[in-house]
Amino acid sequence: MRSPFDCLILTFCLFVLPGHFAALRHTNWTFTLPESIEARINSTVEIPCTFTAPNDPGQYNLTWYKYGSISHVEVYSSDNQSHIHPDYIHRTFHVGNGTNCSLTITDVKETAWYFPAIRNDSFNISSEQKPVKINVTGCTNRSTCSSWSFTFPRTITALGSSCVEIPCTLTYPANDMDFNLVWFLRMPSGDVKVYDNKTRDDVDRRYVRRTSLLRMRTSSCSLKINNIKKDGQYYPGINQIINAYNLDGRICTVTVSEFPQKLEITGTENLKESIAVNISCAINHTCGSSPPELQWNIKNDNANVRNVNRTRGIWTVISEISYLPSSKDNNSPLECKATFPNGVTSVQTETLLVEASAEPNVSVITISVLAGIACLLLIVSIVFIYRRTKLYHTPPAIGEVGESPELTYTTLNRREVAEDYHTLKFGNRGNAATGNENEVPYYENVQL
């Protein structure tokens, strides 16, 4: 049976001495860290760190923590990534090897304190008593973000498997030009990033290479999403603190529809034959950079196509043609078809009602032509008769002394018969026998 003194020595050897030597061993570990680091919000910062050990540490695990008053948050682990806080996944990296314990943090968002820890199977050493302060400057909370704002529509209805553009404008401080634009999707398990202007692939895997920024101007934050499939709530920002949802609770709800908008055909009212009209076909859509293609079922090489920007993310593509109505088109179909980038089509058909013009009767035309010819002949006859009558009634010419020249019957007939006058033969019956000057002479064989 052991004495109480023996038990006391045994207890000292089993418990006190190992702890004492362990404490001495721990005191030989040192970490070299800066006291603080200045970093711009959304920038990448590196915390330089080295450590010393009394002997070769062998295999060890490096862990970094964000200091907390109640509990510490694990932001990096060299052996178990499952313990890392979700806000730091894919954002922290170990720099160097051996006794180098430096840590890189990308896209820093807030001022916080960090410290490293070294662990293996027999010990756990940390520099918790001397954390490093990363002092983040810039807009980090609502009180310092009053000069930031985002404007975009609250709702948009898009065609499934097509594209949608969410128009967006922002205002920002004049002295803060180097910022990163991002878009987030609201999720029950936590909002995810669907677009990142600086790291395009650092987004949710479902949106990789499907999102892009429409840079129409420097103040634009408009987002284009290709192959939209599900309803979602989206909002823009520059980080998880400065964003539309945090600033004023605004989000854009995108509702996905299986069916496209309805086409509208205008200009087919009161069609009259041979009177040209302009006919338009229009349809609304939500993708200004990739509008649907419009086609007519009638040939027209001069279609005027334009894409009009409406409001709140709605666009209208319009195709206008010039059409000359014909009676042969009466009751025929007029079709306009819209084909979207995803291959979905929308068709609208209207029946043309053409009012025929009055056609003149053939007999009426014939009578009109004959009457015109008759009138023309009548006018020519009247002119001819008028000229002959004027010839017969022309007053005699006045002589030089004012007396009328002596006119004989022969002279008058000469005017009448012209060159045939030489065929006249005078007879002397009556004139020579009686010597009566008042008797009418006899003319034989007068040819007129």
As an exercise: evaluate residue 57 against (1) modelled with pLDDT under 85; (2) open to solvent by less than 40 Å² (accessible area, probe 1.4 Å); (3) closer than 22 Å to residue 137 by Cβ and give the number of the one condition it does not meet. (3)
Test residue 151 against the criterion of being in contact (Cβ under 8 Å) with a residue 40 or more places away in the chain, surrounded by fewer than 21 Cβ atoms within 10 Å (Cβ to Cβ) and under 27 Å from residue 309 (Cβ atoms), and give yes or no. no
If we keep just the residues of region 196-233 that are over 19 Å from residue 288 (Cα atoms) and touching a residue at least 24 places away in the same chain (Cβ under 8 Å), which is most open to solvent (accessible area, probe 1.4 Å)? 230
Of all residues in region 100-110 being within 19 Å of residue 138 (Cβ to Cβ) and crowded, with 16+ Cβ neighbours inside 10 Å, the one that is modelled with the lowest pLDDT: 109
Tally of residues being among the polar types (S, T, N, Q), open to solvent by 50 Å² or more (accessible area, probe 1.4 Å) and closer than 27 Å to residue 353 by Cα across region 270-299: 6
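Does residue 258 satisfy the criteria of being over 27 Å from residue 149 (Cα atoms), charged (D, E, K, R) and open to solvent by less than 60 Å² (accessible area, probe 1.4 Å)?
no
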Index of the failed condition, residue 158 passing every other in (1) crowded, with 20+ Cβ neighbours inside 10 Å; (2) in contact with a Phe, Trp or Tyr (Cβ under 7 Å, 6 or more places away or on another chain); (3) not polar (S, T, N, Q): (2)
Looking only at residues that are within 14 Å of residue 94 (Cβ to Cβ) and in a strand (DSSP E or B) in region 35-50, which one is nearest to the chain's Cα centre (by Cα)? 46
Restricting attention to region 28-50, does a residue exist that is surrounded by 11 or more Cβ atoms within 10 Å (Cβ to Cβ) and without any contact (Cβ under 8 Å) to a residue 24 or more places away in the chain? yes
The one condition residue 241 fails out of (1) buried (at least 19 other Cβ atoms within 10 Å of the Cβ); (2) at pLDDT 90 or above is (2)
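Quick one: in region 300-314, which of the residues that are in a loop (DSSP other than H, G, I, E, B) and in contact with a Ser or Thr (Cβ under 7 Å, 6 or more places away or on another chain) is most open to solvent (accessible area, probe 1.4 Å)? Walk me through how you get there before you give the answer.
Residues of region 300-314 in a loop (DSSP other than H, G, I, E, B): 300-303, 310-314.
Remaining after also requiring in contact with a Ser or Thr (Cβ under 7 Å, 6 or more places away or on another chain): 302-303, 310, 313-314.
Working: 302: 132, 303: 45, 310: 115, 313: 5, 314: 54 Å².
Residue satisfying both the conditions and the ranking: 302.
Being at pLDDT 85 or above and open to solvent by less than 40 Å² (accessible area, probe 1.4 Å) is the requirement here; does residue 172 meet it? Walk me through how you get there before you give the answer.
Values: at pLDDT 85 or above: yes; open to solvent by less than 40 Å² (accessible area, probe 1.4 Å): no.
It is false that residue 172 is at pLDDT 85 or above and open to solvent by less than 40 Å² (accessible area, probe 1.4 Å).
Determine, yes or no, whether residue 318 is in a strand (DSSP E or B), crowded, with 16+ Cβ neighbours inside 10 Å and in contact (Cβ under 8 Å) with a residue 60 or more places away in the chain. Before you say what the answer is, go through the steps one by one.
Working: in a strand (DSSP E or B): yes; crowded, with 16+ Cβ neighbours inside 10 Å: yes; in contact (Cβ under 8 Å) with a residue 60 or more places away in the chain: no.
For residue 318, the condition - in a strand (DSSP E or B), crowded, with 16+ Cβ neighbours inside 10 Å and in contact (Cβ under 8 Å) with a residue 60 or more places away in the chain - is not met.
Check region 2-18 and report whether any residue there is surrounded by 15 or more Cβ atoms within 10 Å (Cβ to Cβ) and either modelled with pLDDT of 50 or more or among the charged types (D, E, K, R) (or both).
Pass one, region 2-18, residues surrounded by 15 or more Cβ atoms within 10 Å (Cβ to Cβ): none.
No, region 2-18 contains no residue that is surrounded by 15 or more Cβ atoms within 10 Å (Cβ to Cβ) and either modelled with pLDDT of 50 or more or among the charged types (D, E, K, R) (or both).
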Please verify whether region 111-127 includes one or more residues that are out of contact with any His (no Cβ under 6 Å at 6 or more places or on another chain), surrounded by fewer than 17 Cβ atoms within 10 Å (Cβ to Cβ) and under 25 Å from residue 203 (Cα atoms). yes
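The values are calculated or read from the model by the stated rules, or taken from the named source; none is laboratory data. On a predicted model such as this, the values are computed, not experimentally measured, just so you know. Reconstructed Cβ throughout: ideal geometry from the backbone, glycine too, with neighbour counts over all protein chains shown. Side chains are part of the model used for accessible areas, which takes the heavy atoms of the whole protein and leaves out ligands, DNA and RNA. Shrake-Rupley method; radii C 1.70, N 1.55, O 1.52, S 1.80 Å.
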